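K.L.:
Quick one: structure below, then a few questions.
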C-alpha cells in the first residue's frame, strides 16, 4: 500500500463539474492499493499519517501532527501509485489490486482515520476526478507498507 501525502493549505475534488470534497489546512492523501495489501497495512498507514509531524511549530520546525493543528484530511484513491515504470515507457499495472478489494481497503483506511477523530473527506472511488491543491511548502512524502 502506498500513500502519497501532501501538506496542503487547501484541497478539493471535483467530479462531473461538482465539488464532492473540500478541505482547508491539512493533508491530501493519494492512496494506492496493491495486490497482497491488508487491513493491517491500512491501519499502519492511517496511524503513521495521523502522527506524522510535518506541520511547523512556532520555531518553523516540522514538529506538529495533523492532530496537533486540528487539520483535515482529503483521501483520494490513486491506482496509478501501483504502476510499474521499470520497463519501457508505458506503465504496467499488474501489481494494482482488483477494484473490489481495493475499494474495501480504501474505505477501511478512511474508517481508520475517522476513528482517530480526524476530519476526513474522500473522493469517489474509480471516478474521473479533478483534484486541486495548494501544496504548502511544498511538503510531500511517499509512505509504503507491505503487510
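The values are calculated or read from the model by the stated rules, or taken from the named source; none is laboratory data. Note that the structure is a prediction, hence the values are computed from the model and not measured. Neighbour counts run over all protein chains shown; Cβ positions are idealised from the backbone, glycine included.
K.L.:
For segment 105-128, which positions are more than 14 Å from the chain's Cα centre (by Cα), surrounded by 13 or more Cβ atoms within 10 Å (Cβ to Cβ) and more than 21 Å from residue 68 (Cβ to Cβ)?
P.N.:
Result: 127, single match.
K.L.:
Taking the conditions exactly as written (surrounded by 18 or more Cβ atoms within 10 Å (Cβ to Cβ), modelled with pLDDT under 95 and either more than 19 Å from residue 66 (Cβ to Cβ) or under 15 Å from the mean Cα position of the chain (by Cα) (or both)), does residue 102 satisfy them or not?
P.N.:
no
K.L.:
Would you pick out the residues in segment 17-36 that are in contact (Cβ under 8 Å) with a residue 12 or more places away in the chain, out of contact with any helix residue (DSSP H, G or I) (no Cβ under 6 Å at 6 or more places or on another chain) and surrounded by fewer than 23 Cβ atoms within 10 Å (Cβ to Cβ)?
P.N.:
Answer for segment 17-36, where residues must be in contact (Cβ under 8 Å) with a residue 12 or more places away in the chain, out of contact with any helix residue (DSSP H, G or I) (no Cβ under 6 Å at 6 or more places or on another chain) and surrounded by fewer than 23 Cβ atoms within 10 Å (Cβ to Cβ): 20, 21, 22, 23, 24, 25, 30, 35, 36.
K.L.:
Quick check: anything in segment 127-139 assigned to a loop (DSSP other than H, G, I, E, B) and touching a residue at least 24 places away in the same chain (Cβ under 8 Å)?
P.N.:
Looking through segment 127-139, at least one residue is assigned to a loop (DSSP other than H, G, I, E, B) and touching a residue at least 24 places away in the same chain (Cβ under 8 Å).
Listed here are the residues, each with its yes/no results for (1) closer than 25 Å to residue 127 by Cβ; (2) assigned to a helix (DSSP H, G or I); (3) in contact with a strand residue (DSSP E or B) (Cβ under 7 Å, 6 or more places away or on another chain).
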position	(1), (2), (3)
21	yes, no, yes
37	yes, no, no
41	yes, yes, no
45	yes, yes, yes
50	no, yes, no
59	no, no, no
67	no, yes, no
